[in-house]
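None of the figures in this text is laboratory data; all of them are computed from the coordinates on show. Only a predicted model underlies this, so the values are computations on that prediction, with no experimental measurement involved. Note that we place each Cβ from the backbone using ideal geometry, even for glycine, and neighbour counts take in every protein chain shown.
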Protein chains: 2
Amino acid sequence: MPAFPKEEFLGRVDETKRRMDAAGMDCLVVIDAANIFYLSGFDAHSAYVPQALVVIAGEEEPRLIVRDMDVPGDTAFMAAKHIHGYPEDYIAHPRSHPYDHFGDLFRAWGIASKRIGVELSQLDVVSWGRLQQALPNVRWPDADGLVTWQRLIKSPAELAYMKQAGQIADAAMRVAIEKSVVGARECDVGAEVMAAQIRGLPEFGGDRPVTPHMPSGCPRVAAPHLAWTDAKLAPGTVTNVELGGFRHRYVTGLSRTIVQGTPEERLQRLHLATKEAVDTVFDSVRPGWTCEEVEALFRKTTRKHGFEKKSRVGYAIGIDWTEKTASLRPGDLTVLKPDMTFHLMAGMWYDSWGYVLSEAFRVTEGGIESFSRLPRDLFVK
Amino acid sequence: MPAFPKEEFLGRVDETKRRMDAAGMDCLVVIDAANIFYLSGFDAHSAYVPQALVVIAGEEEPRLIVRDMDVPGDTAFMAAKHIHGYPEDYIAHPRSHPYDHFGDLFRAWGIASKRIGVELSQLDVVSWGRLQQALPNVRWPDADGLVTWQRLIKSPAELAYMKQAGQIADAAMRVAIEKSVVGARECDVGAEVMAAQIRGLPEFGGDRPVTPHMPSGCPRVAAPHLAWTDAKLAPGTVTNVELGGFRHRYVTGLSRTIVQGTPEERLQRLHLATKEAVDTVFDSVRPGWTCEEVEALFRKTTRKHGFEKKSRVGYAIGIDWTEKTASLRPGDLTVLKPDMTFHLMAGMWYDSWGYVLSEAFRVTEGGIESFSRLPRDLFVK
């Protein structure tokens, strides 16, 4: 069953068609798996082979082209006749390519000489060559970001999932804090954390999670994007946990640092500086602020304490984690509007140590509101 | 700490250089995250931003270019001077692109007018344009598959990890069978399965797992690549579990079907046909067979029972699951040699039902050997 009612999807597709019209496109080839999910609900974990959603200006429902075996499952909202499987022979074939079949379909649909937008940053160079070869009369405007930017403001139904995701993230982080004890293997903590992400709450379960980042100890804790090892947590070990709550692919990010025993003084200072900056952002930011103003406030606050974050302090979040649209960084003039959602990611890393604190938030009518209820603490065991 | 000793990586890099030389390349830009891991050990979950490993013919160690924050962590084997971070300013910047910085580095390294192989099927169209623009005097031969095919035959150290992965996969599948009971929420079973994948064994833990496929009930069970839902398992429900054991990114795939109560007659027949075909493959296949001969034997055996698999019956497996090299399918003339590893994936899916049975195997001197010890049963609860 699709994750949203048909009307929700049709509304999204209508808006996409408006954007296509404004950009001078007759059709749109959507390749980004998150965008395919957004416009259709299609939820198979199958993007490792070519697939696409095709939005045609004059048609109500988009058409999905996927590998034959991925047609069943009833996750996309469209009528069965709009879900096209390509033969298994195209998979891993030395000469033929699934896009050859796309060419045949596009000709059958009468769109083989139209202006067809395509998400070029989602398409590899080899496939792009095959697609152009299969459809030599198509004009291919770049449609990068067309659907992704449409996702910036969330609907009530999307926000409902993100609120559930927020509860799941809190539950999983509580497990991370509880299970991180001296003597525990890092992988055993990781196992409990991912189980909590998937189990979710009694009222609703969690979706497929992205593996949490949770490096422990020096030197791993100085890098943000590592997982566990087999090692046992030792006295003094610092673990930086960045995890998501997942609900029908909607994500809320959440990060906390956990220490086995008294934290080093520099870690305590960085925690206090970061917490003050995050608290200040949550207390101050209003709709109408630009993304770079949010970052500037954060930067000003930590700088008072002698810390400066080199990387952006956040980005739009929604389906499948990062949305490639607005970032909380200098130069980003995107104006915050109600029901935009961001991950305020205030981690800082140095050569041999690091600290993380993050929460996802929604822009409200009067400010911003976290999806998390967890204290902004440095968790000392 | 890198997943292998330095000598293992240097041997791999040497072989890559031999292949580059044969293909007329002075340098190689490796983009596939699995290939980067294979040649360097770099293990951050950071491929969502541009990164590359650059192999230069005259240099012993390759050079890694990653986002600044991903430089620490000590997962790559190379000396620190060979690990280059690009500034955070390039991330999500509307005008500049990390490949602009690659251009500066390549000029500094004196390779800006060389023949540089690049994995074009791993590079998106937009990034490809930026890379060519940044380095207008480079000749760019397509290096697709150069490193990936090198990975086809595994070293003893790789096989050691895959054997451990096989034990982890068996343990996780036993948990799936045990926890799948009438009344259990699918997500709660999924939570236990992923925890088992990560926990691994007391002697060694599991690495980041790919989310298992485990669709339950009609219509989801007719599709191979779906996860769990919140629904509770009901009497008669069929669940098709495809999961991996993961150890330092090396994977062994494993699939079994679980039924709550007496299975339908057609499912029993398909199980017996598939099991006979899989048993026959394990009893018969020897080094020297071609991939298509393996598939033909499988096909002949199930056809006797009135079943025919539409998709390939397997593919090379190693780092990060599927390796894009040999497939067990008609037309693939790759000859099996000792220490190649495959995932024999014998799932079949119909409009409203399906069945799975799979095991990863290693080609030995005298035959093929499964990484799993689990009975090839249809598990009836």
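Quick notes on this structure:
- Under Karplus coefficients 6.51, -1.76 and 1.60, residue-wise ³J(HN,Hα) of region B:253-263 in Hz, glycine/proline x: x, 7, 9, 8, 9, 10, 10, 8, x, 4, x
- Ignoring lysines fewer than eight residues from B:Lys300 along the same chain, the ones with Cα atoms less than 20 angstrom from its Cα are B:Lys275, B:Lys309, B:Lys310.
- Average beta carbon contacts from partner chains per residue of A:192-201, 10 Å cutoff: 6
- Counting other Cβ atoms within 10 Å as a rough exposure proxy, the listed residues B:Glu323, A:Glu292, B:Glu192 run A:Glu292, B:Glu192, B:Glu323 from fewest neighbours to most.
- Whole-number D in µm² s⁻¹ for region A:124-169, Kirkwood Cα-pair radius fed into Stokes-Einstein, 25 °C, 0.890 mPa s: 175 µm²/s
- For region A:200-208, Karplus couplings with θ = phi - 60° (6.51, -1.76, 1.60), whole Hz, Gly/Pro x: x, 10, x, 7, 7, x, x, 8, 3
- Calculated label separations, A:Thr262, copies of the chain, 7 Å along the beta-carbon direction, nm: 7.0
- Spatial offset of region B:157-206 relative to region B:303-328 amounts to 22 Å, using the alpha carbon center of each.
- Rounded to the nearest 20, the size of the Cβ-charge dipole of the protein assembly as shown about its Cα centre is 120 debye, with Lys and Arg at +1 and Asp and Glu at -1.
- Å³ per residue enclosed by the Cα convex hull of chain B: 149 Å³
- On Cα atoms only, tilt of B:291-304 relative to the major axis of chain B in degrees: 20 degrees
- Each 5 Å bin from zero up to the one holding the largest Cα-Cα distance in region A:128-254 carries the following percent of pairs: 2, 11, 17, 15, 12, 10, 9, 8, 7, 5, 3, 1, 0, 0.
- Proxy reagent accessibility, fewest Cβ within 10 Å first, across B:Cys218, B:Cys187: B:Cys218, B:Cys187
- Relative to the dominant Cα principal axis of chain A, helix A:125-134 is inclined by about 20°.
- Neighbouring Cβ atoms from other chains, within 10 Å of the Cβ of residues in A:178-191, number 3 on average.
- Ratio Rg/Rh [Cα only; Rh per Kirkwood] for region A:40-131: 0.93
- Between B:Thr364 and B:Glu264, the C-beta separation translates, for a Förster distance of 56 Å, into a calculated FRET efficiency of about 0.90.
- Förster radius 51 Å - calculated FRET efficiency between A:Arg303 and A:Arg95, Cβ distance, rounded to 0.05: 0.30
- Label zone of B:Leu10 (point 7 Å out along Cα→Cβ, amide N under 12 Å): in region B:230-264 this covers no residue at all.
- Highest average packing first - A:87-99, B:230-242, Cβ atoms within 10 Å: B:230-242, A:87-99
- Per-copy distances of the B:Pro235 label point, shortest first, in nm (7 angstrom along Cα→Cβ): 5.8
- Each of B:Phe204, A:Phe106 was scored by other Cβ atoms within 10 Å of its Cβ. Listed from fewest to most, they are B:Phe204, A:Phe106.
- Greater than 20 Å apart at Cα, pairs in B:Lys154/B:Lys324; A:Lys232/A:Lys381; A:Lys324/B:Lys324: A:Lys324/B:Lys324
- Charged neighbours of B:Pro50, selected by a Cβ distance under 10 Å, balance to +1 (K, R count +1; D, E count -1).
- Summarised as an ellipsoid, region A:192-265 has semi-axes of 26, 12, 11 Å, derived from the eigenvalues of the Cα gyration tensor scaled by 5 and square-rooted, with the largest first.
- Spacing of the two label points (7 Å from each Cα toward its C-beta) at A:Ser155 and B:His45, in nm: 2.9 nm
- By the helix-only formula, in which each DSSP H run with n ≥ 4 contributes -39500 (n - 2.57) and the sum is divided by residues, chain B has a 222 nm mean residue ellipticity of -10500 deg cm²/dmol.
- Table column - 3J(HN,Hα) (Hz), region B:328-345, Karplus curve with 6.51, -1.76, 1.60, x for Gly and Pro: 7, 7, x, x, 8, 9, 3, 8, 5, 10, x, 6, 6, 10, 10, 10, 7, 10
- Degrees between helix B:6-22 axis and first principal axis of chain B (Cα, 0 to 90, nearest 10): 80 degrees
- Shortest-first nm distances, A:Pro219 label point to equivalent points in other copies (7 Å, Cα→Cβ): 5.3
- Share of Cα-Cα pairs in region B:193-339 lying beyond 24 Å, as whole percent: 44 percent
- Rg in Å to one decimal, and Dmax rounded to a whole Å, for the protein assembly as shown via C-alpha atoms: 25.2, 77
- Dividing the radius of gyration of the alpha carbons in region B:134-198 by their Kirkwood radius gives 1.33 for Rg/Rh.
- Here is the list for region A:282-381: chymotrypsin sites (Phe, Trp or Tyr not before Pro) lying in DSSP coil, each with at most 14 other C-beta atoms within 10 angstrom of its C-beta, are A:Tyr350.
- Calculated FRET efficiency for the pair A:Lys381/B:Glu60, C-beta based, R₀ 60 Å, to 0.05: 0.85
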